[in-house]
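The values are calculated or read from the model by the stated rules, or taken from the named source; none is laboratory data. Every value quoted in this text rests on a predicted model; they were computed, and no experiment measured them. Note that we place each Cβ from the backbone using ideal geometry, even for glycine, and neighbour counts take in every protein chain shown. Calculation scope for accessible area: heavy atoms of the full protein, side chains included, ligands and nucleic acids excluded. Shrake-Rupley method; radii C 1.70, N 1.55, O 1.52, S 1.80 Å.
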Amino acid sequence: MDAEFSRPLAVGRIPARGMETVVEASDTECRRLAVRLGIPGLRNLSCRYRLAPGRGGEVLAEGWLTAHVTQECVVSLEPFEDALAESFTVRCIPAERFREDDEIDPFSVDEVPYARDIIDLGELATEELSLALDPYPHKPGSRIPDEFVGKEETDPEEKTTRRQPFSALAELKKKQN
């Protein structure tokens with residue numbers, strides 16, 4: 001299957017002084033990416049890059065990503081719109097020189113492999129977008145109703161009370177149906 005959003009760039013085409021470029025996803029690509037990312041909608045995905053070649057085929061890529069996404073609220077299950085703006089820096093390494101390191105320095109620049117002298121700027125933007133998405137999105141102003149907060153259950157054998165973390169969400173869903 002073809003990538004949902006592919007913008008290949010030959011490393012050899014990057015001038016020694018570096019270059020800037022912008023990649024933008026079409027409406028069709030945005031729809032395909034929304035499916036891949038498991039979100040209700042995506043529009044206006046754009047990423048501006050500053051690319052600087054380094055030694056041994058390495059390329060330092062600084063990116064500024066913007067997108068409008070539709071996500072589903074984990075509290076109300078309602079879709080809502082959100083605007084994302086993220087910046088990132090990655091070092092693109094030829095695949096034959098890339099190695100996964102067990103001891104990752106959280107403060108170092110991320111490294112990503114590329115093959116056949118081609119960096120896919122669209123795929124790189126997609127990966128960064130997936131990292132920018134909130135895994136537990138909340139629609140502004142949404143909250144669990146007070147009657148469900150702190151709902152507790154008593155265990156008859158232990159004579160203790162314990163919280164049931166998903167009972168509030170289950171009750172809220174029943175109420176909506």
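Some observations on this one:
- DSSP-loop GluC sites (Glu not before Pro) across region 1-108, with at most 12 other Cβ within 10 angstrom: 96, 100, 103
- Largest first, the residues 114, 136, 49 sort by 1.4 Å accessible area into 136, 114, 49.
- Calculated FRET efficiency for the pair residue 174/residue 22, C-beta based, R₀ 35 Å, to 0.05: 0.15
- Computed over neighbours whose Cβ is under 11 Å from that of residue 73, the net charge equals -2, Lys and Arg +1, Asp and Glu -1.
- When you filter the trypsin sites (Lys or Arg not before Pro) in region 5-97 for DSSP loop state and at most 15 other Cβ atoms inside 10 Å of their Cβ, you are left with 17, 97.
- Fraction of accessible area attributable to carbon and sulfur, region 8-132 (%, probe 1.4 Å): 48 percent
- Zone of residue 109's modelled label, taken as backbone nitrogen in region 83-99 under 14 Å from a point 7 Å along Cα→Cβ: 88-94
- Förster-model FRET efficiency, 41 Å R0, residue 60 and residue 142, C-beta, rounded to 0.05: 0.55
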